[in-house]
Each structure stands twice: as C-alpha cells, then as structure tokens.
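The values are calculated or read from the model by the stated rules, or taken from the named source; none is laboratory data. For clarity, every value in this text was computed on a predicted model and none was experimentally measured. As a convention, Cβ positions derive from the backbone with ideal geometry for all residues, glycine included, and neighbour counts pool all protein chains shown.
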Amino acid sequence: MRKITRIVNVGSCAVGGNNPIRIQSMCDTDTRNAAQSLAQINELAKAGCEIIRLAAPDIRAAEVLKEIVAESPIPVIADVHFDGRIALKALESGVHALRINPGNLQSEEMVKAIAFKALDCGAVIRVGANSGSVDADLLKDCQAKFNDPAQAMTEALIKSVIQQCELLEKYNFKDIKVSLKSSSVPITLDAYKVFSGRYDYPLHIGITEAGTLRRGMIKSAVGIGHLLLSGIGDTLRVSLTADPVEEVRTAIAILESCGLRHPEPELVSCPTCGRTEIDLKYLAEEVENFIDELKAAGHSLPFKKIAVMGCIVNGPGEARDADWGIAGGKGKIAVFNFGRLYGTYPEKEGLEIFKEIIRNNAK
C-alpha cells in the first residue's frame, strides 16, 4: 500500500497524497540558452515528462529562467547550489520549485530569506541530499556512531535532510518535498525506507549517478521499482548518462512494470531462441518505434496489449491474448486480433500490414 504523504503543488502538478507518481527529468542544455532549453523541454514533455528541472549555476541562468517558465508546457524547477542569491533570483523568475542541497547554502539567514521568498511566490522547495555531498562533519559523527559504513551514510542522509527541513519549517515554510539519493542501491533503499517510516514529506525518488544507459537503467529499475512496490515515492527521476528522453522512457516503463500506470499499450515480445525463424528483434523494435512515433505525434492507441512473438511455443497464445499480435515462423507471420486469425503473410509484408492496422486504429 502506498504511503500517503503531504500534498504540495509544483505549479499545476499536485504531488503527494493519492496523486499520480510524477515523472521528472533534467535538461542537459545550458539554461542561459532559452531557445535550446525550451526545445528540449518540449521534446521531454511529448515523451511523458511532467516536471522539468534546470541547472541554475549563476545569476544570468536564474534570470533566463523567467523566459523559460513563461513558455514551458510543464512546471519548472531550478537546481541551485552554494549561492542563495541565485535561488532568490530564480524565485523572482517564477520557477515553480527549487531544489537545494542541505548544508551547501551559506547561512541560516540565507535559508530564512529563501523560505520567505518561496512562501511569497507559492513555490515548493525540494531538500535533496546526495551521498556524494553530505556534510563531512555530519558524516564523521554518524561514522563514529555506526560501525557499518552503509548504515552511517543512511543516517547521515536522513539527518542532513531533516535538519534542513526543520530550519525551513522554523520560518513557517512547509511546502517541502525530500530526496535522499545514493549511487548505491542498498543505501538509497534504506534511507528512503527509514525516512518514510518517520516523516510524511512527499518523496522524490531515484538512484543518483546511476550510470550509462544500460547499467543506469538496470540500477534504476531495481532501486526505483523496489521503492514503488514498497509504497514509497511521489515523484521520480531516472538519472542516466544519456539523452534525457531515455530517462523519461525508462521512468514510464518502470511505472508500467510496477502496475502504477496503464501501458498505452503494453508491448510484449518473447526472447529469441533456436526455434526463432524470423528476424524477431527487428520486428519488435520496428513495432515499438512505430508506436512511439504515433504517440509523439499526439495520437493515442486504444489497445491494452500488442504482442510480437517469434515461435510456435508461446507465440500463438500470446498473440491471441493481445488486442493485436504477431506470431512468426519460417519467414512468415500470422496476425491475430483478439484470438482470431486475421491473416498470414510473408514477413516484410506482414509487418507493414500490422503497422497499417495500428495506424488505422490510432486516434
């Protein structure tokens, strides 16, 4: 059962409570280039991103955020470190939320100023701790208390976050969401589970510095999927050293696999084996890419399940169970519609007929 947390509003996007788990990503553009950043934001929004974060490394970037916020189709978060003046300028530019890292702002007075400004602007603040930037003295204290380095880091992440949250609340700021990320999946899981058991702040989840596309997808699926299935998480970002669109696609796939979003449609395909007598990998990728292109063009597909299967063992059964399905063998493919054989065709011809069927049913 999902942990019910406080609700905060990141622009028009309600986060927490029983609201849908929101997908975030982060631009890899230079924020000071508004046109380039907006082009990427629009691409990410089409892919399914619901909240976007941009780095604000200096005052100029914070100023340009005003133009980006005005044109962005989704709420905008400014990512600010070290210099609280940049955070204040970003809030003046109308960002819907700030991400700050506990402990790396200059003083309590600056945190107080940010809290008052965010309160006036109706912005949310995410207190986001990473294992790579935990305050050294705080970590040393936790290491003295716990012999296990992983346990010490878990406690340091939690203490780091809660100290910052308590400071914000001291100045009557309560629209807070929290993240406690590590590049270690076990540490991340422990930190979120312990924190979720103690507090009701909405949680932004993810595995930080997860890695390249292949390894990062695996680590993220394991870590984020585990948290979601444990009822933890209100927003998420898949952090990949890759095109941010891949982060969004992976996030959607994780949510669908956890049963938290309905696939539109679910695409199933079998692993290849020695019985496969068609180019199944090509067929499955062609169908997947075709579906993605239709969605990117603004179409919806009224299918629950599409199957692309490669042999006679599971193929016909899966294909018959789908709204539309392919079962292949010896250079030919059979097309099924809700268990009825639609036709049998040569491989290439059958693929084009199958794509035409999907296209004709798109809305």
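Quick check: is even one residue across segment 251-263 modelled with pLDDT of 85 or more and within 30 Å of GLU349 (Cα to Cα)? Step through it out loud before you land on a result.
Of the residues in segment 251-263, the ones modelled with pLDDT of 85 or more are 251-261.
Add one more test, that the residue is within 30 Å of GLU349 (Cα to Cα), and what stays is 253.
For segment 251-263, residues modelled with pLDDT of 85 or more and within 30 Å of GLU349 (Cα to Cα): present.
If I filter segment 194-202 for residues that are of a type in the set (Gly, Ala, Ser) and at negative phi, do I get at least one hit? I'd like the intermediate steps shown before the answer.
Let us first name the residues in segment 194-202 that are of a type in the set (Gly, Ala, Ser), namely 196-197.
Still in the running and at negative phi: 196-197.
Yes, some residue in segment 194-202 is of a type in the set (Gly, Ala, Ser) and at negative phi.
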Does segment 235-253 include one or more residues that are more than 21 Å from LEU157 (Cα to Cα), polar (S, T, N, Q) and touching a helix residue (DSSP H, G or I) at 6+ places or on another chain (Cβ under 9 Å)? yes
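Every residue in segment 40-61 that is farther than 24 Å from GLU247 by Cα and under 24 Å from the mean Cα position of the chain (by Cα), please. Spell out how you get there, then give the answer.
So in segment 40-61, the residues farther than 24 Å from GLU247 by Cα come out as 58-60.
If the condition is that a residue be farther than 24 Å from GLU247 by Cα and under 24 Å from the mean Cα position of the chain (by Cα), then no residue fits.
Counting just the residues of segment 264-282 that are among the acidic types (Asp, Glu) and over 30 Å from ILE232 (Cβ atoms), which one comes out modelled with the highest pLDDT? Before the answer, list the steps.
Within segment 264-282, the first condition is being among the acidic types (Asp, Glu), and the residues that meet it are 264, 266, 277, 279.
With the extra rule that they be over 30 Å from ILE232 (Cβ atoms), the set shrinks to 277, 279.
Working: GLU277: 75, ASP279: 84.
Checked segment 264-282; the qualifying residue modelled with the highest pLDDT is ASP279.
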Hits in segment 54-83 - residues which are crowded, with 17+ Cβ neighbours inside 10 Å, aliphatic (A, V, I, L, M) and under 17 Å from ALA123 (Cα atoms): LEU54, ALA55, ALA56, ALA62, LEU65, ILE68, VAL69, ILE74, VAL76, ILE77, ALA78, VAL80
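Within segment 282-307, track down each residue that is of a type in the set (Gly, Ala, Ser) and assigned to a helix (DSSP H, G or I). So that I can check it myself, show each step before the final result.
Taking segment 282-307 and keeping what is of a type in the set (Gly, Ala, Ser), we get 284, 296-298, 300, 307.
Within segment 282-307, ALA284, ALA296 meet the criteria.
Restrict the check to segment 61-73 and report whether at least one residue is touching a residue at least 40 places away in the same chain (Cβ under 8 Å) and within 21 Å of ALA45 (Cα to Cα).
If we filter segment 61-73 for residues that are touching a residue at least 40 places away in the same chain (Cβ under 8 Å), which is where we start, we get none.
The answer is no; no qualifying residue exists.
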Which pairs do you get when a residue that is at positive phi, found in segment 95-113, comes within reach of a residue that is at pLDDT below 90, reach meaning Cβ atoms under 7 angstrom, with the pair 6+ apart or on two chains? GLY103/ASP135
Just give me the residues in segment 114-132 being of a type in the set (A, V, I, L, M) and crowded, with 18+ Cβ neighbours inside 10 Å, in sequence order. ILE114, ALA115, ALA118, ALA123, VAL124, ILE125, VAL127, ALA129
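If you check ARG2 against the conditions, is it among the charged types (D, E, K, R), part of a loop (DSSP other than H, G, I, E, B) and at pLDDT below 95? Quick ask: steps written out before the conclusion?
Details: among the charged types (D, E, K, R): yes; part of a loop (DSSP other than H, G, I, E, B): yes; at pLDDT below 95: yes.
Yes: the conditions hold for ARG2.
Just a yes or no: is a residue in segment 194-201 surrounded by fewer than 22 Cβ atoms within 10 Å (Cβ to Cβ), in contact with a Lys or Arg (Cβ under 6 Å, 6 or more places away or on another chain), modelled with pLDDT of 95 or more and part of a loop (DSSP other than H, G, I, E, B)? Can you show your working first?
Pass one, segment 194-201, residues surrounded by fewer than 22 Cβ atoms within 10 Å (Cβ to Cβ): 194-200.
In the following step, the residues that additionally are in contact with a Lys or Arg (Cβ under 6 Å, 6 or more places away or on another chain) were identified as 196, 200.
Keeping just the survivors that are modelled with pLDDT of 95 or more gives 196, 200.
Cutting the leftovers down to part of a loop (DSSP other than H, G, I, E, B) gives us 200.
Within segment 194-201, one or more residues are surrounded by fewer than 22 Cβ atoms within 10 Å (Cβ to Cβ), in contact with a Lys or Arg (Cβ under 6 Å, 6 or more places away or on another chain), modelled with pLDDT of 95 or more and part of a loop (DSSP other than H, G, I, E, B).
Every residue, every condition in (1) crowded, with 16+ Cβ neighbours inside 10 Å; (2) closer than 27 Å to LEU228 by Cβ; (3) polar (S, T, N, Q); (4) not assigned by TED's automatic domain parsing to the domain that holds LYS330, yes or no:
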position: GLU246; (1), (2), (3), (4): yes, yes, no, yes
position: THR272; (1), (2), (3), (4): no, no, yes, no
position: ILE278; (1), (2), (3), (4): yes, no, no, no
position: ASN289; (1), (2), (3), (4): no, yes, yes, no
position: ALA296; (1), (2), (3), (4): no, yes, no, no
position: VAL308; (1), (2), (3), (4): yes, yes, no, no
position: CYS311; (1), (2), (3), (4): yes, no, no, no
Restricting to segment 322-337, give me the number of residues that are touching a Gly at 6+ places or on another chain (Cβ under 9 Å), surrounded by 20 or more Cβ atoms within 10 Å (Cβ to Cβ) and of a type outside the set (Gly, Ala, Ser). 4
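May I ask you to verify whether VAL268 is touching a strand residue (DSSP E or B) at 6+ places or on another chain (Cβ under 7 Å) and within 12 Å of GLY48 (Cβ to Cβ)? It would help to see each step written out before you state the result.
Numbers: touching a strand residue (DSSP E or B) at 6+ places or on another chain (Cβ under 7 Å): yes; within 12 Å of GLY48 (Cβ to Cβ): no.
The answer is no for VAL268.
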Hey, any hits in segment 176-187 for a residue that's more than 28 Å from ASP148 (Cα to Cα), modelled with pLDDT of 95 or more and of a type in the set (A, V, I, L, M)? yes
Could you check, for segment 137-145, whether at least one of its residues is at pLDDT below 90, surrounded by fewer than 17 Cβ atoms within 10 Å (Cβ to Cβ) and either more than 27 Å from LYS3 (Cα to Cα) or not assigned by TED's automatic domain parsing to the domain that holds LEU189 (or both)? yes
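If you take the residues in segment 1-53 that are of a type in the set (D, E, K, R) and within 12 Å of VAL248 (Cβ to Cβ), which one is surrounded by the most Cβ atoms within 10 Å (Cβ to Cβ)? Write out each step before concluding.
We begin by selecting, within segment 1-53, every residue of a type in the set (D, E, K, R); these are 2-3, 6, 22, 28, 30, 32, 43, 46, 50, 53.
In the following step, the residues that additionally are within 12 Å of VAL248 (Cβ to Cβ) were identified as 22, 43, 46, 50.
Values: ARG22: 23, GLU43: 15, LYS46: 15, GLU50: 21.
Here the residue is ARG22.
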